[in-house]
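Taken together, the values in this text are just the output of simple stated rules run on the coordinates, not laboratory data. Keep in mind it's a predicted model, so treat the numbers as computed, not measured. Heads up, the Cβs are rebuilt from the backbone with ideal geometry, glycines too, and the neighbour counts pull from every protein chain shown.
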Amino acid sequence: MKTVLITGASRGIGRETARLFGEKGWRVAVNYNKSKAKAESLCEEIRSYGGTAEAFCADVSDEAQTEKMIDEILARFGTIDVLVNNAGIALKQGLFTDFSAEDARMIFDTNVFGMMNCSRNVIPHMVHRKSGKIVNVSSIWGICGASCEVIYSSAKAAVIGFSKALAKELAPSGICVNCVAPGMIDTDMNGHLSNEDVDDLCTEIPLGRIGKAEEVAESIFFLAAESSSYITGQIITVDGGWM
Ligand code: NAP
């Protein structure tokens, strides 16, 4: 049985991804930061249909917490075959000049340094086994940039750069690194938008609707599964044709 670690799996895209891996018979390490009850209820749900899942608390932006979490997962499950770096924050929307240096640090700490902290601790284990997959969650804004989300766009562009470079570095070790870049997905991250805002956005999206977290989960699963064994360094956009 293979093991996946999904960061930020208590809510949204991470939660649906954990559900999908659980349904497919994987052992799921569910990382959360603040939403302990949600992470635990998800694990109970996966266990209720015979799956294996455990919740692990860590703020991924904290190097020591991340290292401890990965040691615990390896001690508990023996391997981490796939790492999904999903944890992310947008913080707020506004002009670049309305964001303080501290705001920018917070956005990069979770979206970029969190991904690097998890990867740094999992990679030696994968290299030792000469196999593994890393799937990073970027955003279409990391590809084309968004007004009023300049720092978030920059952080998500860094996720793409990291994925492409790391894919080349780790290919000789049999490890694949890929990225998904979602468009507008129905999660708490967009909870501040009114129904009217969403309707307006939908007029710009060729498929005429925002996406579901389950739809992103399917692409993450594809990049984690054997069926994508010859794909590395790639970005799959899941955006209803928006970009
Ligand atoms: P969400 O519903 O707000 O959920 C965010 C998740 O990340 C939560 O489980 C949260 O855990 C976790 N998290 C945040 N900071 C963390 C930290 N420091 N350490 C560990 N976990 C942390 O967001 P989402 O929409 O599912 O977003 C998931 C990913 O997709 C993010 O990387 C986001 O940038 C990306 N994305 C989302 C959209 C969209 O439209 N929703 C579009 C493009 C890309 P706790 O609640 O336990 O703290």
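Brief remarks follow.
- Debye log10 I(q)/I(0) at q = 0.09, 0.14, 0.16 Å⁻¹ for the chain, Cα point scatterers: -0.35, -0.88, -1.16
- Under 25 Å, Cα to Cα: Lys pairs in the stretch 65-171, sequence gap 8 or more or different chains: 10
- Residue among G142, G14, G50 with the largest mean-square fluctuation in a Gaussian network model of the chain, springs linking Cα atoms under 10 Å: G50
- Stokes-Einstein D (µm²/s) once Rh is taken as the Kirkwood radius of the stretch 178-243 over alpha-carbon pairs, at 20 °C in 1.002 mPa s: 166 µm²/s
- Of A87, A58, A225, the one that fluctuates the most in a GNM where the chain has Cα springs shorter than 10 Å: A225
- Fraction in percent of alpha-carbon pairs per bin - 10 Å, the stretch 42-91: 21, 47, 29, 3
- The GluC sites (Glu not before Pro) of the stretch 121-210 that meet both conditions, a loop assignment by DSSP and at most 16 other Cβ atoms within 10 Å of the site Cβ, are E204.
- Rg over Rh, two decimals, the stretch 1-136 (C-alpha only, Kirkwood Rh): 1.00
- Taking the C-alpha atoms only, the angle from helix 150-170 to the longest principal axis of the chain is near 30 degrees.
- Nearest-ten-degree value, helix 213-224 long axis tilted from longest Cα axis of the chain: 40 degrees
- For the chain, relative contact order (Cα pairs under 8 Å, six or more residues apart, normalised by length) works out to 19 percent.
- In a DSSP loop and with at most 11 other Cβ atoms within 10 Å, the chymotrypsin sites (Phe, Trp or Tyr not before Pro) in the stretch 181-243 are Y230.
- Total charge dipole magnitude, the stretch 52-189, about the Cα centre, Cβ charges on Lys, Arg, Asp, Glu only, Debye to nearest 20: 680 debye
- Coil-residue chymotrypsin sites (Phe, Trp or Tyr not before Pro) of the stretch 9-108, DSSP, other Cβ within 10 Å capped at 14: Y49
- Alpha-carbon Debye profile of the stretch 101-243, log10 I(q)/I(0) at 0.10, 0.13, 0.21 Å⁻¹: -0.37, -0.61, -1.33
- Among I107, A165, T97 the positive-end extreme of the charge dipole of the stretch 92-175 (Cβ point charges): A165
- Each label point was placed 7 Å from the Cα along the Cα-to-Cβ direction; for E23 and Y230 their separation is 2.9 nm.
- Between the exposed loop cleavage positions of the chain, defined as trypsin sites (Lys or Arg not before Pro) in a non-H, G, I, E, B DSSP state with at most 16 neighbouring beta-carbon atoms within 10 angstrom, the longest gap is 131-208.
- Cα-centre dipole for the chain with unit charges at Cβ (Lys and Arg positive, Asp and Glu negative), debye to 20: 980 debye
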